[in-house]
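Below is one structure, written out as structure tokens; the observations come after it.
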Amino acid sequence: MGGYTSSELMAIFAMQGFAGISLFSVLLLMALGLAIIFGQMGVINMAHGEFMAAGAYTTYLLSTVTETYFPGFMPYYFLVAIVAAFFVAAALGYLAEWALIRHLYKRPLDTLLATWGLSLIMQQAYRSIFGAREVSPALPDWLMGSYQPTDMIDIPLNGMFVLALTLLITGGVFYLMFKSSWGLKVRATTQNRVMSGAVGINTKKVDRLTFALGCGIAGVAGAAFTTIASTGPTTGTLYIVDTFMVVVFGGAASLLGTIASAFSIAQAQSILEFFISGSMAKVFTLLTLVVILMFKPEGLFASKVRR
Amino acid sequence: MSFMYEKLLGGKNGTVGFVLLATLILVVFPLALDGFRLNLVAKYLTYAFPAISLVLLWGYGGTLSLGQGIFFGLGGYGMAMFLKLEASSPENTAIQSTPGIPDFMDWNQLTALPWFWEPFNSFTFTLLAILIIPSVFAYLIGVAMFKRRVGGVYFAIITQVVSLILTVLIVGQQGYTGGINGITDLRTLHGWDITSDFAKNLFYFITCFLLLAVILMSRFILTSKFGRLLLAMRDKEDRVRFSGYDVANFKIFIFCFSAMISAIGGAMFTLSVGFMSPSFVGIVPSIEMVIFAAVGGRLSLIGAVYGCLLINFGKTAFSESFPELWLFLMGGLFIAVVMFFPNGLAGLWEDHSHHIKKRLGFITSLFSKNDTAAVAPKLEGSN
């Protein structure tokens, strides 16, 4: 790392670190949904990225509507959009589970193909409805601008907001999964479906709601994503592989592992990007993950659930 | 003779299917299609190689690889590197600042041929590399995964990531690989023009013969004891392990074999189409190869070829006239195959061929005796 003084290096690390935090937030929100669907239910949802795009497009639609009809409401619409994004994506997920996924629980590899088909259909639907060009919603003023602790460090406010949102959602998911009676049912169903059914848990309903929740969180990820980049029909596919790596690397059934792995992957990629090209940063990060997974296939935090 | 009949062709039904396919691709297509369409079919048939490899690996082995594009790409790039070096002789590239290296290297300010390109000057090395490099690569992945009993979903995801890595690497390292455009402008093989109509037709027939040979070889594997073990592993892996077999080694072997088949397809692709690019390596082509196998019937070697032809004909027809509709159709096809026809075209044929045969009264006597002999086992929600 020749040519940089130590204070410059500190600034680079700080700024790339914060840039990485935006990536971390989106990856974590995506991965939380996926960790629930994949980790708890064993369903490989290749259309997860498209549910994220559903959230992003919902945000875009709301911003356009607000801008045209209720300009006075502009500063607040984003908060509504987050909630709307959640419910739209969750509703789509509920529908997908009912129509598709519930028939395939015993064939995990086939869910992969079916949801890939679903993702193709959703992508083409976005392209037909919103056009092939990327769109981005008009963001409220309070999300613009940045915070400058020193001359060299410049931290964008939208990144901070997305981080706060991510922490909130993560906390919510933890509460739901580990403290609520619903979470208890989900975990019981994961561990022993037949026994859970025998003690009176409606496992089919649990499955459907769990899937919907995972997709809903992806929708929130989509809303958060609009503050960082613009949305196109294929936005979802760009993140889906990384998200799967986050979940697998973290240990499929461990939410804590998901957080740790999202953080390390996002930071590694973001900091490497400054020193080598973006594509090589991605190659190095993914390659390292693959090698680590070859030696430790169960991921960072091993799951205690039997396979 | 009976060895040939049972082991290579798979009994009466297998023979009929094989002869029908051979007639279709060797006689009907060349007679019915013009040069341009025939070259298109050659391209589709090269996709049948990875599709067949997936029948072995996924249909019979129960291990889904989303990385067959890696091997298809390695084979294709191997061939393309040789042809590119021949096309970049110092005379042909005299206008470059460094004559004698491929044009894209010159554009990216490289002044010498990278070391890993050097051996591709030799045709023998290239042919060996096309067969060996993908197998060694598959061996490394296979050992790392299967010895640790990683399989199923995890294996699918890891292979998918590897194919993503390879694509990003090829696109990113433009000076060494030709980047997103791939390796283009391939002209001659040992001074022989590969773009002529005669060459295209010849490559079509070579592809056909290689494909038929691969089908025979795969059938031989499946009818051997190894094939039975493969099926047993798919359905009850632990029992095979408890019987004293080393499950991992069998899986590694079939993975390497499937990699080699895919690479042959890739090399023939480069020859038939005249270029190779990363868009045939990555996630999307790899998954498309799975759908070829799935539509044809994941348990049918011959079905995989029909699946390839059908989808690619459909894709060409649709994307010429209704490009928007095609993705909907393709997506719907994925879902329909998984939900309603898990055994694909071959499964449909098996279910309904009895009725057809009954109607064709005089043929009935020919077929009915041996109906169950070579029928592939039904798929029962395994994996």
note = How many residues of segment B:120-166 are within 9 Å of chain A (Cβ to nearest Cβ) and touching a Lys or Arg at 6+ places or on another chain (Cβ under 6 Å)? The answer is 0
ask   = Is it true that B:SER258 is within 30 Å of B:GLY172 (Cβ to Cβ) and under 11 Å from the mean Cα position of the chain (by Cα)?
value = yes
query = Given A:LEU109, A:LEU113, A:LEU118, which one is of a type in the set (A, V, I, L, M), within 19 Å of the chain's Cα centre (by Cα) and facing chain B (nearest Cβ under 7 Å)?
reply = A:LEU118
task = Look at B:PHE257 and say whether it is assigned to a helix (DSSP H, G or I) and in contact with a Ser or Thr (Cβ under 8 Å, 6 or more places away or on another chain).
result = yes
ask   = Among the residues of segment A:64-77, is any more than 14 Å from chain B (Cβ to nearest Cβ), touching a residue at least 24 places away in the same chain (Cβ under 8 Å), in contact with a Gly (Cβ under 9 Å, 6 or more places away or on another chain) and not polar (S, T, N, Q)?
value = no
ask   = Name the residues in segment B:298-319 that are surrounded by 19 or more Cβ atoms within 10 Å (Cβ to Cβ) and either polar (S, T, N, Q) or more than 30 Å from B:ALA213 (Cβ to Cβ) (or both), would you?
value = B:SER300, B:ASN312
ask   = Does segment A:34-46 include one or more residues that are more than 20 Å from the chain's Cα centre (by Cα) and β-branched (Val, Ile, Thr)?
value = no
note = Of the residues in segment B:69-83, those that are within 14 Å of chain A (Cβ to nearest Cβ) and touching a Pro at 6+ places or on another chain (Cβ under 7 Å) come to B:GLY69
message = Only one of B:PHE280, B:PHE318 is at pLDDT below 85, aromatic (Phe, Trp, Tyr) and either over 30 Å from B:LEU127 (Cα atoms) or out of contact with any Leu (no Cβ under 6 Å at 6 or more places or on another chain) (or both). Can you tell me which?
response = B:PHE318
ask   = Is there any pair linking a residue in segment A:241-252 that is in contact (Cβ under 8 Å) with a residue 60 or more places away in the chain to one that is hydroxyl-bearing (Ser, Thr, Tyr) and part of a helix (DSSP H, G or I), with Cβ under 7 Å and at least six apart or on different chains, and which?
value = A:VAL246/A:THR258; A:VAL246/A:SER261; A:VAL247/A:THR258; A:GLY250/A:THR258; A:GLY250/A:SER261
ask   = Looking at A:ILE36, is it surrounded by 18 or more Cβ atoms within 10 Å (Cβ to Cβ), farther than 24 Å from A:MET160 by Cβ and among the β-branched types (Val, Ile, Thr)?
value = yes
request  = Write out, first by first residue and then by second, each pair whose Cβ atoms fall under 8 Å of each other, whose residues are 6+ apart or on separate chains, and whose first residue, in segment B:26-49, is within 17 Å of B:VAL305 (Cα to Cα) while the second is of a type in the set (Asp, Glu) and assigned to a helix (DSSP H, G or I).
outcome  = B:TYR47/B:GLU288
Selection status of B:LYS43, within 12 Å of the chain's Cα centre (by Cα) and surrounded by fewer than 20 Cβ atoms within 10 Å (Cβ to Cβ) = yes
ask   = If you take the residues of segment A:161-182 that are crowded, with 17+ Cβ neighbours inside 10 Å and of a type outside the set (Ser, Thr, Tyr), which of them is nearest to A:GLN267 (Cα to Cα)?
value = A:LEU163
ask   = Would you say B:THR98 is of a type in the set (Val, Ile, Thr) and surrounded by 17 or more Cβ atoms within 10 Å (Cβ to Cβ)?
value = no
inquiry  = For segment B:320-328, check the following and say yes or no: at least one residue is more than 29 Å from B:PHE198 (Cβ to Cβ), crowded, with 24+ Cβ neighbours inside 10 Å and away from chain A (no Cβ under 12 Å).
reply    = no
request  = Run down A:ALA53, A:ALA84 and say which single residue is surrounded by fewer than 22 Cβ atoms within 10 Å (Cβ to Cβ), within 17 Å of the chain's Cα centre (by Cα) and under 18 Å from A:SER136 (Cα atoms).
outcome  = A:ALA84
remark   = Going through (1) aliphatic (A, V, I, L, M); (2) crowded, with 24+ Cβ neighbours inside 10 Å; (3) closer than 11 Å to A:HIS48 by Cα one by one, A:ALA224 fails only at (3)
inquiry  = Tell me yes or no: at least one residue of segment A:49-61 is small (Gly, Ala, Ser), part of a loop (DSSP other than H, G, I, E, B) and farther than 24 Å from A:LEU272 by Cβ.
reply    = no
message = Under 9 Å between Cβ atoms, which residue pairs at least 6 apart in sequence (or on different chains) link something in segment B:139-152 that is more than 8 Å from A:MET294 (Cβ to Cβ) and free of Cβ contacts under 8 Å to residues at least 60 places away in the same chain with a partner that is of a type in the set (Val, Ile, Thr) and not in a loop (DSSP other than H, G, I, E, B)?
response = B:VAL150/B:ILE158
Scope segment A:184-208; condition surrounded by fewer than 17 Cβ atoms within 10 Å (Cβ to Cβ), farther than 16 Å from A:ARG102 by Cα and among the small types (Gly, Ala, Ser); matching residues = A:ALA198, A:GLY200
query = Which number in (1) facing chain B (nearest Cβ under 9 Å); (2) modelled with pLDDT under 85 marks the one condition that A:SER254 misses?
reply = (1)
inquiry  = Being within 12 Å of chain B (Cβ to nearest Cβ) and among the polar types (S, T, N, Q) is the filter here; which residues of segment A:270-286 pass it?
reply    = A:SER277, A:SER279, A:THR285
query = Quick one: which of B:GLY344, B:GLY331 is closer than 19 Å to A:LEU118 by Cα, at pLDDT below 85 and either among the hydrophobic types (A, V, I, L, M, F, W, C) or surrounded by 20 or more Cβ atoms within 10 Å (Cβ to Cβ) (or both)?
reply = B:GLY344
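The values are calculated or read from the model by the stated rules, or taken from the named source; none is laboratory data. None of the values given here were measured: they were computed from a predicted structure. Counting neighbours? That spans all protein chains shown, and the Cβs are built from the backbone with ideal geometry, glycine included.
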